[in-house]
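A quick write-up on the structure given underneath.
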């Protein structure tokens, strides 16, 4: 899949899917279906419009690109969302971006999509333009629940990664670069790959999870390690089963399968190790390792 900035997009006819697509969930996939080009914004508009109320993101641009590429799309066009762009009126956006720059013949959006200064543009305005055909996709529901990025963020924060996966259409993914820790996990017999949570991103609530890391399975702890202190910073610690390799500086992708338990303080290191052994065996069962 080709990834281009709006200003570098070649002149040609396009079937465009338009949206932020944070998480690339089942509703987003329905909007994207049948399109050859996906158009998204970077950063997330709310990080520019209301930074104090900006959401924790389910996907970075890199992660979003990966997920969209898996859908067989030809091109991802990224629009820098800055003060100049946000000042465009809905009509200017249609004329300049959709028609002149992208040559849109078809435009697909979700029913709650808004665009242009003051979010004054809506699907009805797009549908009224005769220069392209507009497809408006209704909100997707799973078991009577509306699929939305905000709902998925809440599920992830609560640790309900299985429920979130049903809405995403795939396991919740978290990416990060492995950093040096204090070596405590190795001393306990469970060497971990450590990732510092990015404050801009959503990540599962404190607890222990079964996950996949590439073709490996991992028991993943997220939290502040209360057995060893009360003022430690949050950390993501992934113990890769049957693996012991140098991962420092490497970027890992964790696909969360299931929550095993909440984070808790143990009275002794021995009790913690006994529980970790149980966590590992449960991870094997859930991930098929």
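Where a number appears in this text, it was derived from the coordinates with a stated rule and is not lab data. Here the structure is a predicted model, which is why all the values come from computation and not from measurement. Virtual Cβ from ideal backbone geometry, glycine too; neighbours counted across all protein chains shown.
Expressed as a fraction of 2.2 N^0.38 Å, the value expected for a compact globular protein of N residues, the C-alpha radius of gyration of segment 2-146 is 0.98. Looking at the chain as a GNM with Cα springs under 10 Å, which of 65, 134, 177 has the largest mean-square fluctuation? Among 65, 134, 177, the largest mean-square fluctuation in the Gaussian network model of the chain belongs to 177.
Annotation: peptides 191-199, 38-46, 22-30, ranked by per-residue average of other Cβ atoms within 10 Å with the highest first, follow the order 22-30, 38-46, 191-199.
On a per residue basis, the convex hull of the C-alpha atoms belonging to segment 96-195 measures out at 191 Å³.
A Gaussian network model of the chain, with springs between Cα atoms under 10 Å, assigns the largest mean-square fluctuation among 85, 256, 21 to 85.
Based on the mean of other beta carbon atoms within 10 Å per residue, what is the order of 94-104, 163-173, most packed first?
On the way: 94-104: 18.6, 163-173: 21.0.
Packing proxy ranking, top to bottom: 163-173, 94-104.
Which whole number of Å³ per residue matches the convex hull of the alpha-carbon atoms in segment 147-190? It would help to have the intermediate numbers written out before the result.
Values: hull volume 5.0 nm³, N = 44.
In segment 147-190, the Cα hull volume divided by residue count equals 114 Å³.
Take each peptide in 122-133, 9-20, count the other Cβ atoms within 10 Å of every residue, and average; sorted highest first, the result is 9-20, 122-133. From largest to smallest, the equivalent ellipsoid semi-axes obtained for the chain from the alpha-carbon gyration tensor read 42, 18, 17 Å. Across segment 56-118, counting alpha-carbon atoms alone, Rg and Dmax equal 13.4, 34 Å. Scaled against the 2.2 N^0.38 Å expected of a compact globular protein of N residues, the Cα radius of gyration of segment 153-237 reads 1.11.
Among bridges DSSP assigns within the chain, what percent are antiparallel (round to 5)?
On the way: 32 of 55 bridges.
Within the chain, antiparallel bridges account for around 60 percent of the total.
Distance distribution P(r), segment 123-178, all Cα-Cα pairs, bin width 5 angstrom from 0: 4, 16, 19, 14, 11, 10, 11, 8, 4, 1, 0 percent. Looking at segment 171-287, the pairs of alpha carbons with a distance over 25 Å make up 13% of the total.
What whole-number value in cubic angstrom gives the convex hull volume per residue for the C-alpha atoms of segment 91-144? Don't skip to the answer; put the middle values down first.
Values: hull volume 4.5 nm³, N = 54.
Cα-based convex hull of segment 91-144, divided per residue, equals 83 Å³.
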